[in-house]
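One structure is given here, and the rest of the page talks about it.
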Amino acid sequence: AQSVTQLGSHVSVSEGALVLLRCNYSSSVPPYLFWYVQYPNQGLQLLLKYTSAATLVKGINGFEAEFKKSETSFHLTKPSAHMRDAAEYFCAVSRPARQLTFGSGTQLTVLP
Amino acid sequence: DTEVTQTPKHLVMGMTNKKSLKCEQHMGHRAMYWYKQKAKKPPELMFVYSYEKLSINESVPSRFSPECPNSSLLNLHLHALQPEDSALYLCASSQVGEGSTTGELFFGEGSRLTVL
């Protein structure tokens with residue numbers, strides 16, 4: 001079985017502050033891990049993915065995530081938040097021949 | 001720009017109407033998906049088509065009827081819906097093949113459905 005847990009359904013940061021969105025996974029085999037972003041009334045857009053290559057993954061819009069097997073974590077970070085980063089963020093896990101499993105989501109609010 | 005196109009973007013229908021949602025992708029993917037998403041919730045898988053054949057039906061009520069006419073198109077036929085079916089319906093596609101895929105999904109912008 002596979003699952004992800006996103007800690008914190010709502011996160012607020014000030015513009016220019018560090019963004020940290022937490023994701024922990026559970027998988028019986030080495031997983032593939034993803035972060036998706038969803039802006040209001042839009043579909044999901046892939047931010048970045050881990051597919052067993054480099055453990056530090058860089059994505060679009062200045063985001064990055066680090067795969068830590070010992071902590072079963074794949075937290076999403078961005079050094080400096082912008083107003084346009086305000087959105088819903090979903091962590092997801094999969095493995096070969098299995099469907100993607102989404103976390104419950106984290107709503108990011110960026111304060112001016 | 002998304003490479004998965006969904007139409008219409010918005011749909012309002014009565015409980016006795018029959019309507020359809022359409023999805024098209026030209027990435028050569030052989031798996032296509034329908035998801036339902038309620039506000040502030042993750043997408044919920046409804047159907048999966050693999051090589052144009054229905055491979056997963058997540059116990060979806062029969063008032064939702066999927067169709068995959070060819071490898072690029074996916075439809076969702078709607079009939080006798082209930083107000084609680086109002087949601088964002090997302091189409092997605094992915095590659096297929098053991099050992100060669102990561103499960104990465106490519107999503108369309110969604111169709112916002114309101115049932116009156």
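The values are calculated or read from the model by the stated rules, or taken from the named source; none is laboratory data. Keep in mind that what you see is a predicted model, and the values were worked out from it rather than measured. When we count neighbours, we look across all protein chains shown, and the Cβ atoms used for this are built from the backbone with ideal geometry, even at glycine.
Annotations
- Here B:60, B:96 are screened, and the one residue that is β-branched (Val, Ile, Thr) and more than 13 Å from the chain's Cα centre (by Cα) is B:96.
- Among the residues making up the stretch B:31-81, those that are within 20 Å of residue A:43 (Cβ to Cβ) and either of a type in the set (Gly, Ala, Ser) or touching a helix residue (DSSP H, G or I) at 6+ places or on another chain (Cβ under 6 Å) (or both) are B:31, B:39, B:72.
- Across the stretch A:61-86, the qualifying residues are those that are surrounded by fewer than 20 Cβ atoms within 10 Å (Cβ to Cβ), in contact (Cβ under 8 Å) with a residue 40 or more places away in the chain and assigned to a strand (DSSP E or B), and the one among them that is farthest from the chain's Cα centre (by Cα) is A:73.
- Residue check for residue A:47: in contact with a helix residue (DSSP H, G or I) (Cβ under 7 Å, 6 or more places away or on another chain) and crowded, with 17+ Cβ neighbours inside 10 Å: yes
- Any hit, the stretch A:10-31, residues being among the polar types (S, T, N, Q), within 13 Å of chain B (Cβ to nearest Cβ) and within 22 Å of residue B:45 (Cα to Cα): yes
- Tabulated pairs, the stretch B:1-27, first more than 19 Å from residue B:115 (Cβ to Cβ), second charged (D, E, K, R), C-beta under 7 angstrom, 6+ apart or interchain: B:2/B:109; B:5/B:24; B:25/B:3; B:26/B:3; B:27/B:3
- Residue that is farthest from the other protein chains (Cβ to nearest Cβ) [pool: residues in the stretch A:62-77 that are touching a Leu at 6+ places or on another chain (Cβ under 7 Å) and within 22 Å of residue A:112 (Cα to Cα)]: A:77
- Failed condition for residue A:58, given (1) within 11 Å of chain B (Cβ to nearest Cβ); (2) exposed (fewer than 14 other Cβ atoms within 10 Å of the Cβ); (3) of a type in the set (Lys, Arg): (1)
- Taken residue by residue, the stretch A:8-18 has no member that is under 12 Å from the mean Cα position of the chain (by Cα), aliphatic (A, V, I, L, M) and buried (at least 17 other Cβ atoms within 10 Å of the Cβ).
- Of the strands (runs of 3 or more DSSP E) entirely within the stretch B:1-112, those holding at least 3 residues that are modelled with pLDDT under 90 occupy B:53-57.
This table checks each residue for (1) more than 30 Å from residue A:52 (Cβ to Cβ); (2) facing another protein chain (nearest Cβ under 10 Å).
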| position | (1), (2) |
| --- | --- |
| B:6 | yes, yes |
| B:18 | yes, no |
| B:35 | no, yes |
| B:45 | no, yes |
| B:67 | yes, no |
| B:70 | yes, no |
| B:83 | yes, no |
| B:95 | no, no |
| B:116 | yes, no |
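- Single unsatisfied condition, residue A:98 versus (1) facing chain B (nearest Cβ under 7 Å); (2) basic (Lys, Arg); (3) within 15 Å of the chain's Cα centre (by Cα): (3)
- For the stretch A:46-55, a tally of residues being free of Cβ contacts under 8 Å to residues at least 12 places away in the same chain and within 13 Å of another protein chain (Cβ to nearest Cβ) returns 1.
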